[in-house]
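Notes follow once the structure below has been shown.
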There are 2 protein chains.
Amino acid sequence: MTKRVAMILSGCGVYDGAEIHEATLSMLALDQAGYAVEFFAPDVDQMHVINHMTGDEMNETRNVLIESSRITRGKIRPLSEYEVYDFDALYLPGGFGAAKNLCDFAVKGADCTIQNDVMEAVTITHEAGKPIAALCIAPAILAKLFKGAKITLGGASDAATTVQNDLGAHHVQTTHGDVVIDEALNLITSPCYMLDASITQIYDSAQNVVKALEKKLLNA
Amino acid sequence: MTKRVAMILSGCGVYDGAEIHEATLSMLALDQAGYAVEFFAPDVDQMHVINHMTGDEMNETRNVLIESSRITRGKIRPLSEYEVYDFDALYLPGGFGAAKNLCDFAVKGADCTIQNDVMEAVTITHEAGKPIAALCIAPAILAKLFKGAKITLGGASDAATTVQNDLGAHHVQTTHGDVVIDEALNLITSPCYMLDASITQIYDSAQNVVKALEKKLLNA
């Protein structure tokens with residue numbers, strides 16, 4: 001039986017949405033390993049729209065679900081339609097969208113609120129005993145939801161300090177391609193563009209995350 | 001000396017811009033082969049903005065250069081700044097943006113006009129004897145600019161018939177991962193998502209295009 005992975009996207013573009021390389025190379029690594037991947041995103045407005053050339057905010061409103069569908073060539077559903085029994089694992093690529101649209105960690109830090117559909121999807125997946133993979137800044141969501149989660153956000157950073165000191169996470173410092181596994185909570189995390197990485201290093205991370213996922217699913 | 005490739009993007013998203021997987025996986029294949037890649041896009045408005053979930057046109061205006069910068073994490077320049085002597089090759093991923101924003105082949109067919117900066121960049125690269133790679137629908141630009149160009153747009157299609165019958169191109173039917181090389185005109189083309197392809201097949205194509213490029217540059 002083909003294993004099925006649900007990927008949650010947060011828009012389209014690193015500064016206000018899902019990181020495009022992390023999402024695309026995760027899709028590639030999952031496809032190469034024989035997984036069927038389906039896509040979800042919350043049907044909400046983005047926190048804001050950023051001109052990726054200048055870093056300035058643009059006077060526009062964009063929808064997280066609609067923008068995410070650019071990465072998936074149209075194939076995506078509202079995250080409210082996620083059914084845990086249809087999938088073997090949940091997978092969250094990073095990008096600021098994970099910390100701006102899936103939750104507001106980017107502005108509220110430890111006091112962040114997790115978007116309702118995201119909280120529901122992550123929680124029920126966890127309760128069903130299924131693994132959750134998260135890249136880049138997305139592990140902050142896991143740190144907020146699971147007390148004492150062992151995760152990585154890469155090297156030393158304000159974000160790492162916040163999850164460690166204020167959320168009580170066990171933050172593991174990592175470098176390119178590293179994967180941190182919380183066996184008890186069934187979490188797989190990797191730093192990706194939390195580090196100053198090349199696109200080849202992002203692909204390495206994605207492949208290593210998928211290998212870790214495969215090991216977990218074989219043992220499930 | 002590191003070889004340098006200039007990649008021309010046409011927005012961000014298959015239906016109105018650059019195909020995200022083709023662009024990302026080309027970046028990966030080029031990085032893995034040791035190329036330095038720089039990015040360019042014309043500083044013009046997109047032909048239109050498409051909701052990728054529904055296929056409907058949205059009442060918005062977006063700029064090709066600004067949207068392309070989402071794929072490149074900000075690193076991109078206006079195509080008018082392209083200097084041929086800085087680069088060893090030119091590389092055009094596909095997506096409808098190549099046929100809507102880099103030219104208007106998608107609506108005008110053989111009577112299409114090539115956007116000025118694109119025409120200039122492609123023409124001077126060709127005149128400098130440097131190879132040009134193009135994926136998916138982007139080879140239509142080469143068919144328009146170079147009489148009798150040997151290219152591929154995948155299998156039988158209206159687009160293939162148009163370039164063959166109306167533009168006088170030599171269209172070669174291809175399948176997944178195939179690469180067509182026009183030795184005389186120094187062109188490398190591959191069908192990618194002109195076929196109903198998996199993301200792994202797009203990566204195969206990107207790797208094969210880079211291999212063909214490498215062979216050309218070694219012999220240059």
> Out of all the residues in the stretch B:24-52, which are buried (at least 21 other Cβ atoms within 10 Å of the Cβ) and within 19 Å of A:Ile76 (Cβ to Cβ)?
Replying inline: B:Thr24, B:Ile50, B:His52
>> Quick check on the stretch A:123-136. Is at least one of its residues open to solvent by 10 Å² or more (accessible area, probe 1.4 Å), closer than 30 Å to B:Glu22 by Cα, modelled with pLDDT of 95 or more and out of contact with any Asp or Glu (no Cβ under 8 Å at 6 or more places or on another chain)?
In response: no
> Of all residues in the stretch A:158-168, which are open to solvent by 10 Å² or more (accessible area, probe 1.4 Å) and in contact with a helix residue (DSSP H, G or I) (Cβ under 7 Å, 6 or more places away or on another chain)?
Replying inline: A:Ala159, A:Thr162, A:Asp166, A:Leu167
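Specify which of the listed residues (A:Glu67, A:Glu22) is under 16 Å from B:His52 (Cβ atoms) and outside any loop (DSSP other than H, G, I, E, B).
Values: A:Glu22 fails: under 16 Å from B:His52 (Cβ atoms).
Selected residue: A:Glu67, the only one of A:Glu67, A:Glu22 that is under 16 Å from B:His52 (Cβ atoms) and outside any loop (DSSP other than H, G, I, E, B).
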>> Return the residues of the stretch B:59-74 that are under 10 Å from B:Asp45 (Cα atoms) and of a type in the set (S, T, N, Q); say none if nothing qualifies.
In response: B:Thr61, B:Asn63
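For A:Thr61, state whether it is surrounded by fewer than 16 Cβ atoms within 10 Å (Cβ to Cβ), more than 9 Å from chain B (Cβ to nearest Cβ) and β-branched (Val, Ile, Thr).
Values: surrounded by fewer than 16 Cβ atoms within 10 Å (Cβ to Cβ): yes; more than 9 Å from chain B (Cβ to nearest Cβ): yes; β-branched (Val, Ile, Thr): yes.
In short, yes.
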>> So for the stretch A:32-53 (the condition being free of Cβ contacts under 8 Å to residues at least 24 places away in the same chain, in contact with a helix residue (DSSP H, G or I) (Cβ under 6 Å, 6 or more places away or on another chain), within 12 Å of chain B (Cβ to nearest Cβ) and not in a helix (DSSP H, G or I)), does at least one residue qualify?
In response: yes
>> If B:Ala98 satisfies all but one of (1) in contact with a strand residue (DSSP E or B) (Cβ under 8 Å, 6 or more places away or on another chain); (2) outside any helix (DSSP H, G or I); (3) more than 9 Å from chain A (Cβ to nearest Cβ); (4) of a type in the set (Gly, Ala, Ser), what's the number of the condition it fails?
In response: (2)
> From the set of residues in the stretch B:169-220 that are within 26 Å of B:Thr123 (Cβ to Cβ) and of a type in the set (Asp, Glu), which is most open to solvent (accessible area, probe 1.4 Å)?
Replying inline: B:Glu183
>> For the stretch A:176-192, give me each residue that is within 14 Å of another protein chain (Cβ to nearest Cβ) and closer than 20 Å to A:Tyr15 by Cα.
In response: A:Cys192
> Could you list, in sequence order, the residues of the stretch A:198-211 that are within 17 Å of A:Leu153 (Cβ to Cβ) and either charged (D, E, K, R) or away from chain B (no Cβ under 14 Å) (or both)?
Replying inline: A:Asn208, A:Val209
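Look at the stretch B:1-17 and say how many of its residues are more than 10 Å from chain A (Cβ to nearest Cβ) and within 21 Å of A:Arg70 (Cα to Cα). Quick ask: steps written out before the conclusion?
Within the stretch B:1-17, the subset more than 10 Å from chain A (Cβ to nearest Cβ) is B:1-10.
Retained after the next criterion (residues that are within 21 Å of A:Arg70 (Cα to Cα)): B:7-10.
The qualifying residues number 4.
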> Looking at (1) within 14 Å of chain A (Cβ to nearest Cβ); (2) modelled with pLDDT under 95, which is the one condition that is false for B:Leu195?
Replying inline: (2)
> Here are some conditions: (1) within 19 Å of B:Tyr82 (Cα to Cα); (2) among the aliphatic types (A, V, I, L, M); (3) at the interface with chain A (Cβ under 9 Å from one of its Cβ atoms). B:Leu25 meets all but one. Which one does it not meet?
Replying inline: (1)
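The values are calculated or read from the model by the stated rules, or taken from the named source; none is laboratory data. What you are looking at is a predicted structure, and each value in this text was computed from that prediction instead of being measured. Neighbour counts are summed over all protein chains in view; Cβ atoms, including those assigned to glycine, are modelled from backbone coordinates with ideal geometry. Note: accessible area is taken over every heavy atom of the protein model, side chains too, but ligands, DNA and RNA are not part of it. Shrake-Rupley method; radii C 1.70, N 1.55, O 1.52, S 1.80 Å.
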